Amino acid sequence: MAMTVKKRTGGLVLAIWLFTVGAGRAEPQADFVLVVNAENEVTTISRKDVELIFLNKQRSWPDGKNIGVVINENPKIYESFSHTVLRRSSSQFLVFRKKMLFRGQGMPSPTLKTDKDVIVFVTEHVDSISYVSPDAVTPAVKVVSILQ
């Protein structure tokens, strides 16, 4: 009987410990958010679709309009986006973009150096998409949730 009580108590303690350890862990904050023009109807998009869009394999929105991709070259954001969404290093993504041009598979997406420039671009191009740091978001753009 004493052995059964110890097993139950030990299992209960382990379950409580696992619950509190798991509850104390927050999801890491992303270094970037995906943004589109405020008039764009898209509110969520799968990670896979974002990957296809930025690898130039999906070129239109569900309504048939062409997607205007712009690359944010801010090193921290570029690396985080490449790793998280594209599952590639930033240098692998750069090589991909250069090969696309070299092979004549289309023009690579325009690149901009700052969040502010990206926000201006997305604001001026209704069907565009990009990524910026979370604190750069303005009412002129809409943050789109990335679904796993």
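Observations on the model:
- Flag if residue 124 is in contact with a Leu (Cβ under 7 Å, 6 or more places away or on another chain) and at pLDDT 90 or above: no
- Taking the range 69-86 as the range and being touching a strand residue (DSSP E or B) at 6+ places or on another chain (Cβ under 7 Å) and under 14 Å from residue 121 (Cβ atoms) as the test, the residues that pass are 69, 70, 71, 72, 73.
- Restricting the range 65-87 to residues that are part of a helix (DSSP H, G or I) and among the polar types (S, T, N, Q), the residue that is nearest to residue 109 (Cα to Cα) is 82.
- Answer residue from the range 47-64, given it is in a loop (DSSP other than H, G, I, E, B) and modelled with pLDDT of 90 or more and is surrounded by the most Cβ atoms within 10 Å (Cβ to Cβ) among those: 61
- Residue that is of a type in the set (Gly, Ala, Ser) and crowded, with 17+ Cβ neighbours inside 10 Å, where the choices are 145, 109: 109
- When residue 118 is tested against the conditions (1) assigned to a helix (DSSP H, G or I); (2) hydrophobic (A, V, I, L, M, F, W, C); (3) over 23 Å from residue 31 (Cβ atoms), the lone failure is (3).
- Matching residues in the range 121-139 - criterion: being outside any helix (DSSP H, G or I), closer than 11 Å to residue 40 by Cα and aliphatic (A, V, I, L, M): 126, 129
- Within the range 37-69, being under 12 Å from the mean Cα position of the chain (by Cα) and either touching a residue at least 40 places away in the same chain (Cβ under 8 Å) or under 15 Å from residue 134 (Cα atoms) (or both) holds for 44, 45, 46, 47, 50, 53, 54.
- Some residue of the range 86-95 being surrounded by fewer than 16 Cβ atoms within 10 Å (Cβ to Cβ), at pLDDT 90 or above and out of contact with any Pro (no Cβ under 6 Å at 6 or more places or on another chain): no
- Restricting the range 70-85 to residues that are more than 12 Å from the chain's Cα centre (by Cα) and surrounded by fewer than 17 Cβ atoms within 10 Å (Cβ to Cβ), the residue that is nearest to residue 118 (Cα to Cα): 73
The values are calculated or read from the model by the stated rules, or taken from the named source; none is laboratory data. In this text the structure is predicted, and so the values were computed from the model without any measurement. We place every Cβ from the backbone using ideal geometry, glycine too, and count neighbours over all the protein chains shown.
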